[in-house]
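Below is one structure, written out as structure tokens; the observations come after it.
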Amino acid sequence: MKNNSKTFALFGNPLEHSLSPLMHNAVFEKMNIDARYMAIRVENVRDILAEIKKSNIHGASITIPHKTAIMEYLDEISSSSFSIGAVNTVTHSNGKLKGDNTDWTGFTLALRESIEIQGKTFAILGAGGAARATIFGILEEGGTPIILNRTIKKGEELAKEFGCEFYPLTEIGEIKGDCLINTTPVGMFPDMEKSPASRDVLQNFRWVMDIIYNPLKTKILKDAEEAGCSTITGVSMFVHQGAEQIKIWTGLQPPIDFMKKTVLEKLKNETS
Ligand code: ATR
């Protein structure tokens, strides 16, 4: 490794199935950036801070379960991260740590490839961290989110915080909108036969999006295709959130199509 090589890392637990190291290392090489990106499994959020300083890590991706806990240890936090209540990107510069959230920008960039968000209604399944980023993104772009969640109290609190409507997940059949978005982990590898919504309610939406990218075509997306909906997989959001991280860390625009191709090839090989 040359002296000017920069080190980047993904911190979380578990990490085994993450495609971030593959995607980031491939794009650094493609962009001729002398850098390496490692996956570091950490159970305690304080270990992230120690590792960033010890190994002089220039940029870090933060994933489950540390996205919220890391916030109190940072020197600066972007206003969107503050509103969402989560940081997925840390930049280490001049001894200071800054937190950003690229989940919401990645989400809106991915959604915009298929839909103009302004003026449309989006039914959001789930009320966790991923839901918060999507709700924030939809509101920023002038759309209307409706929250549907299994646990009523959690959904109601989130709806109050963002000033939007809430319905219990059991009432999904009553909801009509332009697009349904799954932010729950239901249907993710290895529980691929599960779906957070029954097939008969999907026809109430023109588009159905899943933010899960592994598997590429989740059960809800297969059912949605059969119901005649247009579908949006989670790959584009995953790629855009990573591309936004590269922009923050390097100031350069990475090649999105190359990143998408790298991830899709890996996912297709895994499922074939
Ligand atoms: P993340 O940060 O990935 O969003 P999270 O904060 O744990 O993860 O949130 C997961 C969301 O998926 C929650 O809204 C959860 O519903 P509850 O609030 O009822 O726990 C939802 N979820 C998880 N498993 C679910 C399931 N089997 N059916 C319906 N919703 C589920």
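The values are calculated or read from the model by the stated rules, or taken from the named source; none is laboratory data. Bear in mind the structure is a predicted one, so any value in this text is a computation, not a measurement. Don't worry about glycine lacking a Cβ; one is built from the backbone with ideal geometry, like all the others, and counts go over all protein chains shown.
The set of residues in segment 84-105 that are without any contact (Cβ under 8 Å) to a residue 40 or more places away in the chain and among the hydroxyl-bearing types (S, T, Y) contains only S93.
Taking the numbered list (1) closer than 22 Å to G106 by Cβ; (2) of a type in the set (D, E); (3) in contact with a strand residue (DSSP E or B) (Cβ under 9 Å, 6 or more places away or on another chain) in turn, E161 passes all entries but (3). Quick one: is G173 surrounded by fewer than 16 Cβ atoms within 10 Å (Cβ to Cβ), more than 20 Å from Y213 (Cβ to Cβ) and touching a helix residue (DSSP H, G or I) at 6+ places or on another chain (Cβ under 9 Å)? For G173, the condition - surrounded by fewer than 16 Cβ atoms within 10 Å (Cβ to Cβ), more than 20 Å from Y213 (Cβ to Cβ) and touching a helix residue (DSSP H, G or I) at 6+ places or on another chain (Cβ under 9 Å) - is met. In the set (1) closer than 22 Å to K67 by Cα; (2) among the small types (G, A, S); (3) outside any loop (DSSP other than H, G, I, E, B), the condition left unmet by A123 is number (1).
Return yes when E43 is over 17 Å from the mean Cα position of the chain (by Cα), surrounded by fewer than 15 Cβ atoms within 10 Å (Cβ to Cβ) and without any contact (Cβ under 8 Å) to a residue 24 or more places away in the chain and no when it is not. Spelling it out, it is not the case that E43 is over 17 Å from the mean Cα position of the chain (by Cα), surrounded by fewer than 15 Cβ atoms within 10 Å (Cβ to Cβ) and without any contact (Cβ under 8 Å) to a residue 24 or more places away in the chain.
To keep it simple, each residue is scored yes or no on (1) over 24 Å from M23 (Cα atoms); (2) within 16 Å of the ligand (Cβ to nearest atom).
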site	(1), (2)
I62	no, yes
K67	no, yes
K96	yes, no
L111	no, no
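Could you go through segment 128-145 and let me know if any residue there is part of a strand (DSSP E or B), crowded, with 23+ Cβ neighbours inside 10 Å, within 16 Å of the ligand (Cβ to nearest atom) and without any contact (Cβ under 8 Å) to a residue 60 or more places away in the chain. Looking for residues that are part of a strand (DSSP E or B), crowded, with 23+ Cβ neighbours inside 10 Å, within 16 Å of the ligand (Cβ to nearest atom) and without any contact (Cβ under 8 Å) to a residue 60 or more places away in the chain, one finds at least one in segment 128-145, hence yes.
Cβ-Cβ contacts under 7 Å between residues 6 or more apart (or on different chains), taken from a first residue in segment 147-163 that is closer than 17 Å to L125 by Cβ and within 8 Å of the ligand (Cβ to nearest atom) to a second residue that is among the β-branched types (V, I, T) and at pLDDT 95 or above, are listed as G155/I147. Assessment of segment 25-35 against the conditions (buried (at least 16 other Cβ atoms within 10 Å of the Cβ), closer than 24 Å to I211 by Cα and touching a helix residue (DSSP H, G or I) at 6+ places or on another chain (Cβ under 8 Å)) yields at least one matching residue. Residues in segment 17-32 that are more than 17 Å from the chain's Cα centre (by Cα) and within 19 Å of T89 (Cα to Cα): 4 in all.
Note on segment 214-230: residues that are modelled with pLDDT of 95 or more, within 16 Å of the ligand (Cβ to nearest atom) and of a type outside the set (V, I, T) total 2. Please tell me if S81 is within 16 Å of the ligand (Cβ to nearest atom), in contact (Cβ under 8 Å) with a residue 12 or more places away in the chain and closer than 18 Å to F238 by Cβ. Against the criterion (within 16 Å of the ligand (Cβ to nearest atom), in contact (Cβ under 8 Å) with a residue 12 or more places away in the chain and closer than 18 Å to F238 by Cβ), S81 does not qualify. Based on this model, can you work out whether I181 counts as within 11 Å of L125 (Cβ to Cβ) and either in contact with a Leu (Cβ under 7 Å, 6 or more places away or on another chain) or more than 10 Å from the ligand (Cβ to nearest atom) (or both)? Judged against the criteria, I181 is a match. Looking at segment 186-210, which of the residues that are surrounded by fewer than 16 Cβ atoms within 10 Å (Cβ to Cβ) and at pLDDT 95 or above is farthest from the chain's Cα centre (by Cα)? Out of the qualifying residues, it is D200.
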